[in-house]
1. Whole number please: convex hull volume per residue of the Cα set in segment 1-142, in Å³?
2. Tell me, what is a quarter of the convex hull surface for the C-alpha atoms of segment 154-229, in nm² with one decimal?
3. Dipole of segment 1-153, Cα-centred, from +1 at each Lys and Arg C-beta and -1 at each Asp and Glu C-beta, to the nearest 20 debye?
4. Per-residue ellipticity at 222 nm for the chain, helices alone: DSSP H runs ≥ 4 residues times -39500 (n - 2.57), over residue total, nearest 500 deg cm²/dmol?
5. Using Cα springs under 10 Å in a Gaussian network model of the chain, which residue among 121, 230, 59 shows the largest mean-square fluctuation?
6. With the dipole of the chain worked out from charges on the C-beta (+1 for Lys and Arg, -1 for Asp and Glu) around the Cα centre, which of 262, 136, 89 lies farthest toward the positive end?
7. Just from the alpha-carbon atoms, what are the Rg and Dmax of segment 122-274 in angstroms?
8. Counting DSSP beta bridges with both partners in the chain, what percentage is antiparallel, nearest 5?
Amino acid sequence: MYSTGVIPNQRIALVFQYLGTNFHGWQRQPRARTVQEEMEKALFEILGEPVGVYAAGRTDTGVHAVAQVAHFNTSSSIPAHKWAAVLNNAVPKDIQILASAAVPLDWHARFSAKWRRYRYTLYTDSQPNVFVQPFTWHYYYEALDESLVQAALRPLVGHHHLAAFHRAGSQRQHSWVDVQEAICYRHGPFVHIEVQANGFLYGMMRLLVGMLVQVGRGERSLENFNQLWTNELREEVKYAAPAHGLCLLRVGYDNFPFPPEIWHDTMPKFTFSPQC
């Protein structure tokens, strides 16, 4: 246990990763293992007192993160930049702290964020691959046309009411989202869908991908897809893509105290090189 010292209270920002496979999401829940619980347990072990940890986004059960951002307050004498190493000695192996830094007391991991970006990855080869299985949806039933998916995503960019992709159970009072970018691209058998927005609705990405797959395989027309979300036809959105294909890529802030190599593109991207 570390001494809390006598220095004034300070706020520490963290950039960290976690494998979502064995977590019931970020937010602490009764009788369920969550990332927030593990982080707060580690801080209690270090400091000997309860410390709340607040994240930029509440990922769901099974969803991964490669550059999640969080903050906590402490009066410990541990230098801000050393908190990453200290925490890595206390958190479980499926969490990794990339960096830590001091931020102003009015800076907030969630409310100071300008945008979040998620990537969903589908693996379309007919042969299964155990090494990509934890991070992709193995979708090989029908051919997927990524150009159709891209065409369906294009009208989503802008300020829209996306109630069609809003799961029940959310405390959010509205479904307005500012989508800043939405793209789909292919690397061999891997199809990647990335969406950047000011915030994400509960279940939004997985519901969206579930419908985009219908477009990509030709089951749902572009016109029908556009009518679905513009007319807020939530009852027609019946399937969510599996959680393990989804990853929180990064979070954007003004005056972020970390260099881009720490947070901007830290997820290995599945690619494909044809054999000679």
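1. Numbers: hull volume 17.2 nm³, N = 142.
Per residue, the Cα convex hull of segment 1-142 comes to 121 Å³.
2. Working: hull surface 21.2 nm².
Computing the convex hull of the Cα atoms and averaging its projections yields 5.3 nm².
3. Values: 13 positive and 12 negative charges, 89 e Å.
Charge dipole of segment 1-153: 420 debye, to the nearest 20.
4. Numbers: 6 runs with 53 residues, N = 276.
My calculation for the chain gives -5500 deg cm²/dmol from helical runs alone.
5. 230
6. Going by the Cα projections, it comes out as 89.
7. 16.0, 48
8. Values: 45 of 49 bridges.
Rounded to the nearest five, the antiparallel share is 90 percent.
Since every read-out is calculated from the coordinates, none of them should be taken as a lab result. Because the structure is predicted, anything quoted here is derived from the model rather than measured. Cβ: placed from backbone, ideal geometry, glycine included. Neighbour counts: every protein chain shown.
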